[in-house]
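Undergrad: Got a structure for you, questions after.
The values are calculated or read from the model by the stated rules, or taken from the named source; none is laboratory data. Computed from a prediction, not measured in an experiment: that's the story for all the values here. Counting neighbours? That spans all protein chains shown, and the Cβs are built from the backbone with ideal geometry, glycine included.
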Amino acid sequence: MAVKDIVDALRDMTVDNMRLSELIKDIKLIGSTLEVVYRLPKKGLEDEIKQKTYKALEHVPDVKTVNIRFAEGVPEPPPAFGQPAFTRRQVEGVKHLIAVGSGKGGVGKSTVSVNLAVALLKQGYKVGLLDADIYGPSVPTLLGVKGERVHVDERNKLIPVEKYGLKVLSIGFLLPSEDTPVIWRGPMLMKALTQFLFDVNWGELDFLVLDLPPGTGDVQLTLAQNVHMTGAVIVTTPQDVALADVKKATSMFKEVNVPILGVVENMAYFVCPDSGKKYYVFGKGRVLEFARAYDLQILGSIPMDPEVAETSDKGVPVVISHPESEVSKAFLGIAKLLSEKILRR
Ligand SMILES: Nc1ncnc2c1ncn2[C@@H]1O[C@H](COP(=O)(O)OP(=O)(O)OP(=O)(O)O)[C@@H](O)[C@H]1O
């Protein structure tokens, strides 16, 4: 059961012409106990909000107990259209946080995050990369920093590892060994992620690239609701299975009002080294169709290139190892488009 489904259930119930979902200030599911903090639009509505919450969640099987609290202080006005209904914290020292998400695993989200970060760096920006992919933190491998230990500064803030001029932190640094399954759940996991974001001495960064776990689970949703993000970049391959899931991810970001900065089409085609001919292995035009349907910009299309996998395994991003390759040019183009788009806003 995702918190998102609970928020969906609360969306159907209104109090004083406002959806319950719009009044949520904080929401957490710990085991089968749901903790909700509402802001109170008007004094005297407490009981009605409570009763309607219980009713809305009556048939939600995973919620056995509901604890409701009301935020203290002056009630805030309802969010304006297009504004988030959640209080989001800014990551200290970071001008722009770009979340990289995908619907399905294995579409190249981490490869895109790493190469995008380095491509932004090559444009002269100060860049950080945070690997929040708790289910498969691959950034340490992709950047050759596996086994690095993280230190803290005098303020007890984590100090990111530096590689190729990039400031890097990965949830993988916290796991005792590479084979440790990530079995953290709920509050513990969120605590670790929150610490990663907010208790880090990032210094001054123009961009922080956040490699999200694939899909639309609690982690993605909680981060999207609690962290101020400039926007999200969505990575997909042209396969039907990937596109079906990426639509869910797109809807999730839209629902929580995180602007979608654009789509990266990965493994878009393969260039035959002998003939130079392009082969659209997973089909042509599908990502464009999806982007048009959802009114999204395609930031770039990355070809399939065996060098990517090979160089990634050695811990060197392809934009560094093969800067003249078509893949690298595609990444540099995406970084340019993205940074211009963000800085123009
Ligand atoms: N353009 C590409 N050409 C060839 N191989 C690629 C390309 N992009 C990614 N790969 C390879 O595909 C595999 C999956 O990539 P990656 O780990 O970046 O995906 P992911 O979406 O982050 O996966 P997960 O969500 O499971 O962490 C890796 O072996 C990577 O080297």
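Undergrad: Looking at the range 182-200, can you tell me whether even one residue there is at pLDDT 90 or above and either out of contact with any Ser or Thr (no Cβ under 6 Å at 6 or more places or on another chain) or closer than 26 Å to LYS247 by Cα (or both)?
TA: Residues of the range 182-200 that are at pLDDT 90 or above, as a first pass: 200.
Imposing the further condition that a residue be either out of contact with any Ser or Thr (no Cβ under 6 Å at 6 or more places or on another chain) or closer than 26 Å to LYS247 by Cα (or both) reduces the set to 200.
Among the residues of the range 182-200, at least one is at pLDDT 90 or above and either out of contact with any Ser or Thr (no Cβ under 6 Å at 6 or more places or on another chain) or closer than 26 Å to LYS247 by Cα (or both), which makes the answer yes.
Undergrad: One residue is enough: does the range 240-248 have a residue meeting the conditions at pLDDT below 95 and closer than 28 Å to ASP206 by Cβ? Spell out the reasoning first.
TA: Taking the range 240-248 as the starting set, the residues that turn out to be at pLDDT below 95 are 240-248.
Going one step further and asking which of them are closer than 28 Å to ASP206 by Cβ, we end up with 246.
Looking for residues that are at pLDDT below 95 and closer than 28 Å to ASP206 by Cβ, one finds at least one in the range 240-248, hence yes.
Undergrad: Something else now. Given the criterion within 28 Å of ASP240 (Cβ to Cβ), at pLDDT below 95 and crowded, with 24+ Cβ neighbours inside 10 Å, identify the matching residue among ASP133, ASP218. Walk me through it before giving the result.
TA: On the way: ASP218 fails: crowded, with 24+ Cβ neighbours inside 10 Å.
One residue alone meets the criteria, ASP133.
Undergrad: Using the structure shown, decide if ALA9 is closer than 18 Å to GLU255 by Cβ, buried (at least 16 other Cβ atoms within 10 Å of the Cβ), among the small types (Gly, Ala, Ser) and modelled with pLDDT of 85 or more.
TA: Details: closer than 18 Å to GLU255 by Cβ: yes; buried (at least 16 other Cβ atoms within 10 Å of the Cβ): yes; among the small types (Gly, Ala, Ser): yes; modelled with pLDDT of 85 or more: yes.
Judged against the criteria, ALA9 is a match.
Undergrad: While we're looking at this one, here's another question. For the range 42-57, give me the residue count where each residue is more than 14 Å from LEU29 (Cβ to Cβ) and surrounded by 10 or more Cβ atoms within 10 Å (Cβ to Cβ).
TA: 11
Undergrad: Which of the numbered conditions does ARG88 fail, given that it passes all the others? Conditions: (1) within 16 Å of the ligand (Cβ to nearest atom); (2) within 20 Å of ASN226 (Cβ to Cβ); (3) of a type outside the set (Val, Ile, Thr).
TA: (1)
Undergrad: Right, something else. Looking at GLY262, GLY276 in this structure, which one is more than 14 Å from the ligand (Cβ to nearest atom), at pLDDT 95 or above and of a type outside the set (Asp, Glu)? Even if it seems obvious, please write down each step before you answer.
TA: Values: GLY276 fails: at pLDDT 95 or above.
None of the others qualify; the one that does is GLY262.
Undergrad: Right, next: Take the range 301-345 and flag every residue that is over 27 Å from THR230 (Cα atoms), assigned to a helix (DSSP H, G or I) and within 12 Å of the ligand (Cβ to nearest atom).
TA: Those that are over 27 Å from THR230 (Cα atoms), assigned to a helix (DSSP H, G or I) and within 12 Å of the ligand (Cβ to nearest atom): PRO306, GLU307, VAL308, ALA309, GLU310, THR311, SER312, ASP313, GLU326.
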